[in-house]
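Let me begin by presenting the structure, written as structure tokens, before commenting on it.
Computed from the coordinates by the stated procedures, all read-outs in this text should not be read as laboratory data. Small disclaimer: the values here were computed from a predicted structure and weren't measured. Cβ atoms come from the backbone with ideal geometry, glycine included; neighbour counts cover every protein chain shown.
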Amino acid sequence: MAAAALCWALRAARQVLPSPCPRQVRSYYVDWRMLRDVKRRKMAYEHADERLRINAIRKNSILPKELQEVADKEIAALPRDSCPTRIRNRCVLTSRPRGVKRRWRLSRIVFRHFADHAQMSGVQRSMW
Amino acid sequence: TSSVLSKDKDTSAASKESTPEGAAKRQEERAGTPKQHLLDIIGNMKVEVSYRKKLQQLKASESKKQAMNELEGLDSEGSVPQGITEDTQRGKPLNPELVKAASAVASSLPHNKKQTVSDLLAQLRRHEETTDKQKKGGTVNIRNVISEMTVKRQSPAQRGARISGRISLQLDEDGRRTRPARSSAQSVLRNTKYRFSFLVYRSLKVGKRLNIFTKASTEPEHALKTVSSPTIWDLEFAKEVAAVTAQPPRNGFEEMIQWTKEGILWEFPIDNEVGMEDDAEFHEHIFLEKHLEGFPKEGPIRHFMELVICGLSKNPYLSVKQKVEHIEWFQKYFEEKKELLQEI
């Protein structure tokens, strides 16, 4: 009886507040550039559908050109950070903009560091 | 001699208990060893338990008669009811008439009066309790239970088959077991299974209710207990308990279980459609022309929209809802641009 009431209360608690997870949560980004990149990614996600549709109107040979010019102006009027081309794939740990491998989202230096300490699964020093 | 006399009285008592009216008949029928007399008495005492409800309604004279019979029954088994003396301590008051009758009977008999009175009263009390229980419907009537059971009789053919199945482990020339022995055993097993199932089907819903099991009704209690909103103290308590009981994982398996619960690890075997609850049929994905009703039937816009629909029908990644939203956005967009389109 008491156990059932407890379980029910626990379920309610989970819905209201997130369960406390014991592992580390990243509360700070490495630097401001990384933060701006995060903001750009969010904006791009929000406006992705609109951009796709307006671009579909623009890159068209069927619709009249006046309509396409109007669409050009519309897409230019969208916020600048909503453009996906402004996103830069930075290193996740060091925020290095260059030398980042896409598969691991890490810069080459960090990747090498972890691989040498055998902390990258399936990665081995190559020799042939 | 006295014991023989008492046994004769018992037979009369037995006859009186079963049929209060016709007494003398059965006395002649029950001829045999004293052991049989005893067994008859026990059986009749059981009968008395089941028919107590009817007897309860009789007048005081009949109840006196029963008291006489019970006493005589007790006399034959003088050594048995020693344990009953404890029952006299129970506080339930008996019918004063019965008590008077008991004392009168005890005075009439030559044995120890007090002992007989106490024994008699104890017996009466027990019978009263059993009748009360029966009124409530608590005691199990063994007769009802046994009446439904039937003795399963094996056909001689089956029995022969079984024995033959056991014995006939004939060996081939090579030394391997023969097939027919096994198959016969299996067929016998199948037959018995069929017979068992037949019995079950026949006897499950047929017959009187035995009232052996009580219905465990716990659902209404739970339904009534829901509170509208949990208090903060309840939440805190629940969190505390969860934090205390959540022990760190002892091994890799428990760690993986914990991760799966949290959602970090996928569930194996991997289900590709986790989180995707698209209940729409394929025709709703492909045949999207019905959404094109808001557009003009001719012109470049229609051509454009048909291309859009062609592309959407080939898209497996969007849900039907998303596709419909896509088309509706275009509809809205072109309606806004209608003035512009009119100029062209």
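Observations
- Mean projected area in nm² (Cα convex hull; one quarter of hull surface) for the range A:30-88: 4.1
- Greater than 27 Å apart at Cα, pairs in A:K65/B:K297; A:K59/B:K297; A:K101/B:K323; A:K42/A:K101; A:K65/B:K321; A:K39/A:K101: A:K101/B:K323; A:K65/B:K321
- For the range B:291-344, applying the loop criterion from DSSP together with a ceiling of 13 other beta carbons within 10 Å to the trypsin sites (Lys or Arg not before Pro) yields B:K297, B:K314.
- Taking the square roots of 5 times each eigenvalue of the Cα gyration tensor of the range B:282-343, largest first, gives ellipsoid semi-axes of 23, 12, 9 Å.
- Restricting the range A:25-70 to trypsin sites (Lys or Arg not before Pro) in coil, as DSSP defines it, with at most 16 other Cβ within 10 Å: A:R26, A:K59
- Exposure proxy shown here: for A:L93, B:L39, the number of other Cβ atoms within 10 Å sets the order, fewest to most, as B:L39, A:L93.
- Dividing the convex hull volume of the alpha carbon atoms of the range A:50-128 by its residue count gives 162 Å³ per residue.
- Take the Cβ atoms of A:A118 and B:V274, set R0 to 22 Å, and the FRET efficiency comes out at 0.10.
- Mean per-residue shielding of peptide A:57-64 is 4, counting Cβ atoms of other chains within 10 Å of each Cβ.
- For the peptide B:241-254, the mean number of other protein chain Cβ atoms found within 10 angstrom of a residue's Cβ is 1.
- Listed from fewest to most Cβ neighbours within 10 Å, the set A:T85, B:T231 follows the order A:T85, B:T231.
- In the range B:270-344, GluC sites (Glu not before Pro) in a DSSP loop with at most 12 other beta-carbon atoms within 10 Å: B:E273, B:E277, B:E281, B:E298
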